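The values are calculated or read from the model by the stated rules, or taken from the named source; none is laboratory data. Here the structure is a predicted model, which means the values were calculated and not measured. Cβ sites come from the backbone with ideal geometry, for glycine too, and all protein chains shown count toward neighbours. Ligands, DNA and RNA are excluded from the accessible area calculation, which covers all protein heavy atoms including side chains. Shrake-Rupley method; radii C 1.70, N 1.55, O 1.52, S 1.80 Å.
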Amino acid sequence: MQLRFLGGAGEVGRSAVLVDDSLLLDFGLLTAEPPQYPVGTPDPDAVVVSHGHLDHVGTVPALLSGRNRPPIHWTPPTRELALTLARDTLKLHGQSPHCPFTENDVKRVTEVSETHGYRETFEAAGYEVTFYNAGHIPGSAHVLVDDGDTRLLYTGDFHLDEPEAADPPAGFDAGEPPVGQRLVAGSTARPDADVVLCESTYSDVEHDPRATVEHRFAQSVKTTLWGGGTVVVPAFAIGRTQELLMICEAHDIPCYVDGMGTEVTEMLRQYPEFVRDADALRRAKSHARFVTGRDGQRKRIADQPAAIVTTSGMLSGGPAMTYIPEIRANPVNKITLTGYQVEGTPSRELIETGRAEIDGRVMPVSARVEGYDFSAHADHDGLRRFLDAYEDAEVLVNHGDRCAAFAEELRADGYDASAPDLGATVEV
């Protein structure tokens, strides 16, 4: 089996791996100015997508711009999320270098789409392929590819529950403390494999216990609301928004939801089998107030003591661009960032300088700025626990900014591990 790394090697973004010039695993983009796309122009016989985030699926419609119409295999939520992202990209950047596909390409996606559930083996480009729950977002999958001689496990992005529940923090007021994400259960599948292509996003990080992070966030938000302030919670529309709505409901925090997260939340309610607790998601949706943005609604909401969960997660667009200018001048207010903030983004600038560029203007921010690690990726301990099942397999490390260092650590512990370079071809 031959693997060609078209993206995601030594970087977080534009994940794309071509198997034997025939089967393409993911085809994403790297958010930058301008966006970066996978290297080369693959012409696969079939495409398999691990999950519905831009860095794994954002460029898929471009594969259908020529004469070839390869079938695209994914889980039902991943299909819906991919189409939502593609339509949003067309809306924001259509007919520009920031959008490498057309509306017709997106329509073709629906024509070639083939959906599969977890543990349902199917054929793609002559390989036997099986999806397993990866615990990252609804519909996310580990992808097992079997050519009859070699079994390749492409982990995609994944998350593990904590090995055991930590003692809840003093004052934890949301019932049973979580051992992972409220939205999706962590990965438990460890199918037999000869080769593991493993993500490494947080290979140098140990996440705090989920209950601890959640409690700190809830207490901080409540303190601000009790003082009459407003909390803007920038969040990624897919996964993170729904997780935060569930946390707000569990801790009885009044909240609004705005941006693409509203559409995604509605959609995910249609796939109860792909979430940890469908009833909890239903309660969270009922608890939150959905924002339409009509008649100056956002400016009125910005004066209320409530949490506003809104895109974009890195302050690079979306309704957050309305809320931040409204609440920035009052030190009673708060901005709570809920994930990793990429260097060069307005949110990263806000953390480092206390200022942020909003709609072309650099604005000082007096509101308090806090960060919380609600990551949906396995940390160092989680990666090692996952790889415990593959001590005899070849391990290829990707999707991280320190892939080589993590591969070196694995080699020191007896693994056959390496970190391929971007554009490299590897025989396994």
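Test Pro178 against the criterion of being touching a Ser or Thr at 6+ places or on another chain (Cβ under 6 Å), open to solvent by 10 Å² or more (accessible area, probe 1.4 Å) and farther than 30 Å from Pro420 by Cα, and give yes or no. First the steps, then the outcome.
Working: touching a Ser or Thr at 6+ places or on another chain (Cβ under 6 Å): no; open to solvent by 10 Å² or more (accessible area, probe 1.4 Å): yes; farther than 30 Å from Pro420 by Cα: yes.
Here the answer is no, as Pro178 does not meet what is asked.
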Only residues that are open to solvent by less than 20 Å² (accessible area, probe 1.4 Å) and hydroxyl-bearing (Ser, Thr, Tyr): list them for region 181-207, please.
Ser187, Ser200, Ser203
So, of the residues in region 95-146 that are part of a helix (DSSP H, G or I) and in contact with a strand residue (DSSP E or B) (Cβ under 8 Å, 6 or more places away or on another chain), which turns out to be most open to solvent (accessible area, probe 1.4 Å)?
Val112
If you go through region 231-273, how many residues are under 15 Å from Ile335 (Cα atoms), in contact with a strand residue (DSSP E or B) (Cβ under 7 Å, 6 or more places away or on another chain) and assigned to a loop (DSSP other than H, G, I, E, B)?
1
Residues (acidic (Asp, Glu) and either open to solvent by less than 10 Å² (accessible area, probe 1.4 Å) or more than 17 Å from His93 (Cα to Cα) (or both)) located in region 44-63:
Asp45
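Given Arg361, Arg411, Arg348, which one is more than 30 Å from Thr230 (Cβ to Cβ) and among the basic types (Lys, Arg)? Talk me through it step by step, then tell me what you get.
Working: Arg361 fails: more than 30 Å from Thr230 (Cβ to Cβ); Arg348 fails: more than 30 Å from Thr230 (Cβ to Cβ).
Just one listed residue meets the conditions, Arg411.
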Hey, which of the strands (runs of 3 or more DSSP E) in region 334-428, taking only ones fully inside, have at least 2 residues that are without any contact (Cβ under 8 Å) to a residue 24 or more places away in the chain and more than 29 Å from Arg216 (Cα to Cα)?
361-364, 416-418
So Ile253 ticks every box in (1) closer than 17 Å to Gly135 by Cβ; (2) surrounded by fewer than 24 Cβ atoms within 10 Å (Cβ to Cβ) but one. Which box is left unticked?
(1)
For residues that are open to solvent by 60 Å² or more (accessible area, probe 1.4 Å) and hydroxyl-bearing (Ser, Thr, Tyr), scanning just region 328-367, find the one that is farthest from the chain's Cα centre (by Cα).
Ser366
Ala32 fails exactly one of the following numbered conditions: (1) open to solvent by less than 10 Å² (accessible area, probe 1.4 Å); (2) out of contact with any strand residue (DSSP E or B) (no Cβ under 8 Å at 6 or more places or on another chain). What is the number of that condition?
(1)
Taking interchain pairs and intrachain pairs at least six residues apart, which have beta carbon atoms under 9 angstrom, with the first residue in region 173-195 and free of Cβ contacts under 8 Å to residues at least 40 places away in the same chain and the second open to solvent by 10 Å² or more (accessible area, probe 1.4 Å) and among the aliphatic types (A, V, I, L, M)?
Glu176/Ala165; Pro177/Ala165; Pro177/Ala166; Pro178/Ala165; Pro178/Ala250; Val179/Ala165; Val179/Ala166
Condition check for Gly148: closer than 24 Å to Ala185 by Cα and out of contact with any Phe, Trp or Tyr (no Cβ under 6 Å at 6 or more places or on another chain)
no
Considering only residues of region 147-175 that are charged (D, E, K, R) and under 17 Å from the mean Cα position of the chain (by Cα), which is surrounded by the most Cβ atoms within 10 Å (Cβ to Cβ)?
Asp157
Could you check Ala16 against (1) open to solvent by 10 Å² or more (accessible area, probe 1.4 Å); (2) of a type in the set (A, V, I, L, M, F, W, C); (3) in contact with a helix residue (DSSP H, G or I) (Cβ under 9 Å, 6 or more places away or on another chain) and say which number it fails?
(1)
Within region 147-173, how many residues are of a type in the set (A, V, I, L, M, F, W, C), at pLDDT 95 or above and out of contact with any strand residue (DSSP E or B) (no Cβ under 8 Å at 6 or more places or on another chain)?
1
Can you find, within region 391-406, the residue that is modelled with the lowest pLDDT among those that are closer than 17 Å to Asp157 by Cα and open to solvent by less than 40 Å² (accessible area, probe 1.4 Å)?
Gly400
Just for region 71-84: of the residues that are in contact with a helix residue (DSSP H, G or I) (Cβ under 6 Å, 6 or more places away or on another chain) and under 16 Å from Gly261 (Cα atoms), which one is most open to solvent (accessible area, probe 1.4 Å)?
Glu80
Only residues in region 1-12 that are under 12 Å from Tyr37 (Cα atoms) count as the first member; pair them with residues that are among the small types (Gly, Ala, Ser) and surrounded by 24 or more Cβ atoms within 10 Å (Cβ to Cβ), Cβ under 6 angstrom, at least 6 apart or cross-chain, and list the lot.
Leu6/Ala16; Gly7/Ser15; Gly7/Ala16; Gly8/Ser15
From the list Leu81, Leu90, Leu63, Leu6, exactly one residue is touching a Gly at 6+ places or on another chain (Cβ under 7 Å), closer than 30 Å to Arg269 by Cβ and either of a type outside the set (Lys, Arg) or in a helix (DSSP H, G or I) (or both). Which is it?
Leu81
Breaking point among (1) over 27 Å from Glu176 (Cα atoms); (2) open to solvent by 70 Å² or more (accessible area, probe 1.4 Å); (3) of a type outside the set (Gly, Ala, Ser); (4) in contact with a strand residue (DSSP E or B) (Cβ under 8 Å, 6 or more places away or on another chain), for Arg294
(4)
Might you check whether a residue that is open to solvent by 30 Å² or more (accessible area, probe 1.4 Å) and touching a Pro at 6+ places or on another chain (Cβ under 7 Å) occurs anywhere in region 208-215?
yes
